[in-house]
Amino acid sequence: MSYAASAIVQHAWVIPALPLLSFLAVGLLVRPFSTRWAGGVAAASVALSAALSWWLAFDYLQFASPPGPLPTLLPWQTEWLRFQEGLRIDAGTLLDPASVLLVVVVTTVSALVHLYSLAYMDGEAGYGRYFAILNLFTFSMLGLVLAPNLVQMFVCWELVGASSFFLIGFWFDRPAAVAASKKAFVVTRFADLGFLVAILLLGHAAFDVRQQLGAAAGDLQALDFAFLGRSDVLAALASQAPVLGGMTALTLGCLLLFMGGAGKSAMFPLHIWLPDAMEGPTPVSALIHAATMVVAGVYLVARALPLFAAADGALTVVLLVGTFTALFAAAIACTQDDLKRVLAFSTLSQLGYMMLALGTCDGGDPTGHSAALFHLFTHAFFKALLFLGAGAVLHAAHTGDVWHLGGLRKPMPLTHALFLLATLAIAGIWPLSGFFSKDEILAAALHGGHPLVFTVGLGVAGLTAFYMARVYLLTFWGQPRREATAHAHEAPLTMVLPMGALAVLAAVAGFVPVSRWVALPGAAVHTGIDWAVAVPTTVVALVGFAAAGWLYAGDLGRSEAAAARLGRLYRALRHKFWIDEVYLWVTRKLIFRLVAAPIAWFDRMVVDGSMHGVGVLTRLAGAGVQAAQTGQAQAYAAWALTGVALVVGLLWAAARAG
Amino acid sequence: MAELLHAGGSGLHAWLLVTSALFSLGIYGLLTRRNAVGILLSLELCLNAAAVQFAVFNALRAPGRVDGAVMALFVVAVAAAEVVVGMALFVLLYSQRRTVDVTELTGDGRDSAGGPP
């Protein structure tokens, strides 16, 4: 049997095409007539897409030849842009373990979120618009994941950013939502500039290499991942002359690529947009800002890992940024009041874990790559579940402030149980999925020769347990601290069902041998539990739980005393280290005043001024000539005859002279 | 004057002087007369200058043919027709505005002193 026999592998393009068609159909045809049908069509198309992607994953694994690694396939590809020979951009579907994994995760979570939204968004004014954009997002993300070259990835990357912008600003009559959507767009767009420049740089450098290789390059194009991953190409790229500051185009390109990835995956210091993105509807937060879109940066680095590994120091930057973000965001998450905001910082921290894992590949051992994709896989499920649980709480109690909630385990037993499961999963308690993937990341750090990173990761695991237990206890235990909370009710079935499905996935995802499937050649494959990692992480997580229990389960005065004891550190954490304020200061005081204001002055005075000057001059000239416009035909005839006389005179003079 | 008329053996220069003078008189009248009828008369002078020119060139330069004479006749016929139309317009104009002074004919006439009868 071979892949030629598998219809879905040959026609994998159907999976992204379905949400795209549904986006067009719902947005243009269905939405104006029936909101109910809009939601139904959108959800059905993504559900179909999800079913197809499970079929794809099944066939992909089934037809693989057992002993070797899983193959990389390019079943469908069509010419899209042709700049010149060797720089042709194709649109296509690239199937390898990582992309098949992501397709399954994206469509599954998206389908469940669509289903959940049917009830959650019921009665909203923009119901149809919401589902249309959700479909657009699903299409863009699938296009990004399946991209066989950097350009298709970039285009879909921007589409993902645009749909995220539309969804964060879904309630465009709320100033906070509008501000958040603009912030997300500007920050990620700024980072995407790095991605774009990286494409130009790498395209230029790789094209040179391709010209040198000549016929050896085959039909591969300069920006194809397949070309950029070849060892002879990487060696040639690494030995090119430096272009800027002693860095080769490869190193500089990788750093810029990472800038794009860091923007999308909200790495420090480009993380500021993600916590604010919680202004969007909660299912959107679950789908985009936790499970799928934000992992695009991780996916980009994972996809371009051969490049990063060949570039000097690029992976060290990834390692440092990832580690710092993991710790930084986890610490902030311990002090935030809003349920969704805590989850947002938790997402930052978990993304930091994934980047950290990719960074540990800098020693040449690609084990961290498998760990990162494994954590991406499990995190998608438990984080989506956490967000949908938070959405159910919001739906019932109309507030996300944990100090207004409390005691919800009685009116909302199902949500409580599912949220608890997700909390245990993210904290890394055996046998839930987070335990396996987090341990693999920490094992990669420990065995990859990064004991300090391992220690920080361990600390982050404890903080994760602490802040998750904190919001869990404040939300579901104790007494309701507000009238509205006391009248909360269980979420409807269409909301609980997707949460249940995600809970099953979050519970069992750890047993899926993802890291073995996505392993790059040379990666150490773990079998069984690594006790040197599992024991400390579990102990640390239990300590985190215990600390949260002591502070928040009984007498809440203890938490205030603890906060007072921490003093300045607590205030810094609570204000998120004033990063937003620093950004505002830099933009308002420095950029606006020193750059934008002079440019605005130049624009108003010089550019506009010269244009106005031309207008004024014309008007003055007109006023001068106006006196000649008497309305007397005889005067005009006199002018005309004077003209004739002049012309005749000139002709005569010319005849005389010539 | 006599030698002028016969200069060049055919008197063409003299004729050209006559028609030029006639034409210039017409132009002068066209630009300076205030009475519309006077302007029309001046225009007739210009036309006649041209017609004479046609006839002169025909007689002196191509005696065996009649093209110039025919053209002169055309000019006379067109001028007659033009006078008919022009005079008719002036009569109407006078009945509307009580004047045929072209310097007073600016504007759309609604604010003029005469007004419709």
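The Cα-based radius of gyration and maximum Cα-Cα distance (Dmax) for segment A:558-638 are 31.7, 103 Å.
Accessible surface buried by the A/B pair amounts to about 500 Å², both sides summed, 1.4 Å probe. Among the residues of segment A:615-635, those with an accessible-area drop of 30 Å² or more from chain alone to full protein complex, heavy atoms and 1.4 Å probe, are A:632, A:634. Ordered by solvent-accessible area of protein heavy atoms (1.4 Å probe), largest first, the residues A:208, A:90 come out as A:208, A:90. In terms of Cα atoms, the Rg and Dmax of segment A:204-353 work out to 18.3, 61 Å. If every alpha-carbon in segment A:187-251 counts as one equal scatterer, what log10 I(q)/I(0) does Debye give at q = 0.13, 0.20, 0.23 1/Å? Per q value, in the given order, log10 I(q)/I(0) is -0.37, -0.78, -0.96. Heavy-atom accessible surface of segment A:228-312, averaged per residue, reaches 23 Å², computed with a 1.4 Å probe.
Eigen-decomposition of the gyration tensor built on the alpha-carbon atoms of the protein assembly as shown gives equivalent ellipsoid semi-axes of 84, 34, 26 angstrom, largest listed first.
The protection proxy used here, the mean number of other Cβ atoms lying within 10 Å of each residue, ranks peptides A:634-642, A:328-336 as follows, highest first: A:328-336, A:634-642. Ranked by the mean number of other Cβ atoms within 10 Å of their residues, highest first, the peptides A:442-453, A:587-598, B:15-26 fall in the order A:442-453, B:15-26, A:587-598. Apply 1/(1 + (r/R0)^6) to the Cβ-Cβ distance of residue A:587 and residue A:625, taking R0 = 41 Å, and write down the FRET efficiency to the nearest 0.05. Calculated transfer efficiency: 0.20. Modelled spin-label separation between residue A:542 and residue B:67, with each label point placed 7 Å from Cα along the Cα-to-Cβ direction: 12.4 nm. The mean count of C-beta atoms from other chains within 10 Å of the C-beta of residues in B:21-34, rounded to a whole number, is 1.
About its Cα centre, chain A has a charge dipole of approximately 1460 debye under the convention of +1 per Lys or Arg Cβ and -1 per Asp or Glu Cβ, with nothing else charged.
Okay, which of segment A:479-497 sit inside 20 Å, backbone N to the point 7 Å along the Cα-Cβ direction of residue A:410? Residues A:479-491 fall inside that zone. Measuring between alpha carbons in the structure, the pairs from A:183/A:438; A:264/A:438; A:182/A:438; A:410/A:576 lying more than 25 angstrom apart are A:183/A:438; A:182/A:438; A:410/A:576. How high is the relative contact order of chain A, given as a whole-number percent (alpha carbon pairs under 8 Å, six or more residues apart)? Reported relative contact order: 11 percent. Using heavy atoms of the protein chains and a probe of 1.4 Å, the accessible area assigned to residue A:85 is about 110 Å².
A simple spin-label model places the labels of residue A:172 and residue B:98 6.6 nm from each other, with each point 7 Å out along Cα-to-Cβ. The order of the peptides A:489-501, A:286-298 by mean Cβ neighbours within 10 Å, most packed first, is A:286-298, A:489-501. Treating the angle as unsigned and between 0 and 90°, give the value, to the nearest 10°, between the Cα long axis of helix A:433-447 and the longest Cα principal axis of chain A. On a 0 to 90 degree scale, this one is about 80.
Annotation: extensible slack from residue A:646 through residue A:216 equals 147.2 nm (criterion: 0.36 nm per residue apart, minus Cα-Cα distance).
Taking the 1.4 Å solvent-accessible surface of segment B:2-103 as the whole, the part contributed by carbon and sulfur is 74%. Rounded to the nearest percent, how much of the accessible area of segment A:136-184 (1.4 Å probe, protein heavy atoms only) is carbon and sulfur? So the carbon and sulfur contribution to the accessible surface is 76 percent.
Label-to-label distance for residue A:77 and residue B:85 is 7.7 nm, based on points extended 7 Å past Cα in the beta-carbon direction. Compared with the alpha-carbon gap, the fully stretched path from residue A:51 to residue A:638 is longer by 202.5 nm at 0.36 nm per residue. Under the criterion of Cα pairs below 8 Å and six or more residues apart, the relative contact order for segment B:2-103 equals 24 percent. When the convex hull of its Cα atoms is viewed from all sides, segment B:2-103 shows a mean projected area of 7.2 nm².
The values are calculated or read from the model by the stated rules, or taken from the named source; none is laboratory data. If you're wondering where the values come from, they're calculated on a predicted model, not measured in any experiment. Cβ atoms come from the backbone with ideal geometry, glycine included; neighbour counts cover every protein chain shown. Keep in mind that these areas ignore ligands, DNA and RNA; they rest on the heavy atoms of the full protein, side chains included. Shrake-Rupley method; radii C 1.70, N 1.55, O 1.52, S 1.80 Å.
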